[in-house]
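Peer 1: Okay, handing you the structure first.
The values are calculated or read from the model by the stated rules, or taken from the named source; none is laboratory data. Since the model is a prediction, treat every value here as computed from it, not as a measurement. Every residue, glycine among them, receives a Cβ derived from its backbone with ideal geometry; neighbour counts consider all protein chains shown. Each accessible area value is taken on the protein alone, full model and side chains, heavy atoms only, with ligands, DNA and RNA left out. Shrake-Rupley method; radii C 1.70, N 1.55, O 1.52, S 1.80 Å.
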Amino acid sequence: MKLVVQRVTKAQVEVEGKIVGKINKGFMVLCGITHEDTEKEADILARKLCNLRVFEDENEKMNLSIKDVGGELLIISQFTLYADTVSSGNRPSFIAAARPEKAEPLYEYFLKKCEEYEVHVEKGIFGADMQVSLVNDGPVTIILEK
């Protein structure tokens with residue numbers, strides 16, 4: 001699994017002109033799943049994400065987690081995180097991305113694991129054409145992989 005985590009002051013995702021997920025302060029997360037991923041990787045990354053200390057404390061040090069600041073998660077499935085842009089030409093290959101029948105249940109499992117950390121979770125619609133907008137705070141962008 002691969003996560004691109006952006007600390008945001010707000011973010012939302014639209015499908016067919018309707019907002020399907022919206023958060024204020026928190027993380028907008030792009031979530032990519034590959035063939036080898038299992039619930040074990042989802043468990044590890046949910047723990048890491050929900051405990052990641054990149055929010056500022058009273059001393060302006062990145063020392064607080066999303067739970068500490070009452071933040072929210074907007075998690076979007078993103079198969080293009082596993083694009084192979086090196087092997088050939090200019091057209092990416094997505095062979096490394098898990099097929100939807102494997103990726104969607106693992107994505108849903110990951111969402112539930114994050115909720116177990118008592119963090120409010122919003123999401124996009126798996127496989128849909130989505131428009132994501134956000135205000136990156138900092139900017140802080142971190143890649144988590146397992």
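Peer 1: For the chain, I need the span (max minus min coordinate) of the C-alpha atoms along each principal axis, in Å, sorted largest to smallest.
Peer 2: 48, 35, 29
Peer 1: List the lysines whose alpha-carbon lies under 24 Å from that of residue 102, not counting same-chain residues fewer than 8 positions away?
Peer 2: 2, 40, 48, 112, 113, 123, 146
Peer 1: Additional query: Quick one: of the DSSP bridges fully inside the chain, what percent are antiparallel, nearest 5? Show your work: numbers first, answer last.
Peer 2: Details: 28 of 38 bridges.
Counting only bridges with both partners in the chain, antiparallel ones make up about 75 percent.
Peer 1: First measure r as the distance between the Cβ atoms of residue 112 and residue 35, then evaluate 1/(1 + (r/R0)^6) with R0 = 25 Å and state the FRET efficiency to the nearest 0.05.
Peer 2: It comes to 0.70.
Peer 1: Please report, to two decimal places, log10 I(q)/I(0) for region 80-123 at q = 0.17, 0.23, 0.28, 0.32 Å⁻¹ as given by the Debye formula with identical point scatterers on the Cα atoms and no solvent.
Peer 2: With no solvent term, the Cα-only Debye profile gives -0.62, -0.79, -0.93, -1.05.
Peer 1: Same structure again: Can you give the FRET efficiency for residue 102 and residue 132, using 1/(1 + (r/R0)^6), R0 = 22 Å, r = Cβ-Cβ distance, to the nearest 0.05? Can you show the working numbers first?
Peer 2: Working: r = 23 Å, r/R0 = 1.05.
Taking R0 as 22 Å, the efficiency between residue 102 and residue 132 is 0.45.
Peer 1: Still on this model: Write down the Å³ per residue value for the convex hull defined by the alpha carbon atoms of region 16-56.
Peer 2: On the way: hull volume 4.5 nm³, N = 41.
So the per-residue hull volume is 109 Å³.
Peer 1: So for 126, 94, what's the accessible-area order with a 1.4 Å probe, most first?
Peer 2: Heavy-atom accessible area, descending, gives 94, 126.
Peer 1: Continuing with the same structure: Between residue 140 and residue 53, with labels modelled 7 Å along Cα→Cβ, what's the label distance in nm to one decimal, could you check?
Peer 2: Calculated label separation equals 1.2 nm.
Peer 1: Another question, if that's okay. Specify the angular offset, from 0 to 90 degrees and rounded to the nearest 10, of the alpha carbon long axis of helix 100-115 from the longest principal axis of the alpha carbons in the chain.
Peer 2: For helix 100-115, the angle is close to 10 degrees.
Peer 1: Using a 1.4 Å probe over the heavy atoms of the protein chains, calculate the carbon and sulfur portion of the accessible area of the chain as a whole percent. Intermediate results must be reported in sequence, preceding the final value.
Peer 2: Details: 3940 of 8290 Å².
Of all accessible area on the chain, carbon and sulfur atoms account for 48 percent.
Peer 1: Can you compute the label reach from residue 16? Point 7 Å from Cα along the Cβ direction, backbone N cut-off under 20 Å, restricted to region 93-126.
Peer 2: 123-126
Peer 1: Still on this structure: Using a 1.4 angstrom probe, figure out how much accessible area the chain has per residue, in square angstrom, rounded to the nearest whole.
Peer 2: Averaged over the residues of the chain, the accessible area is 57 Å².
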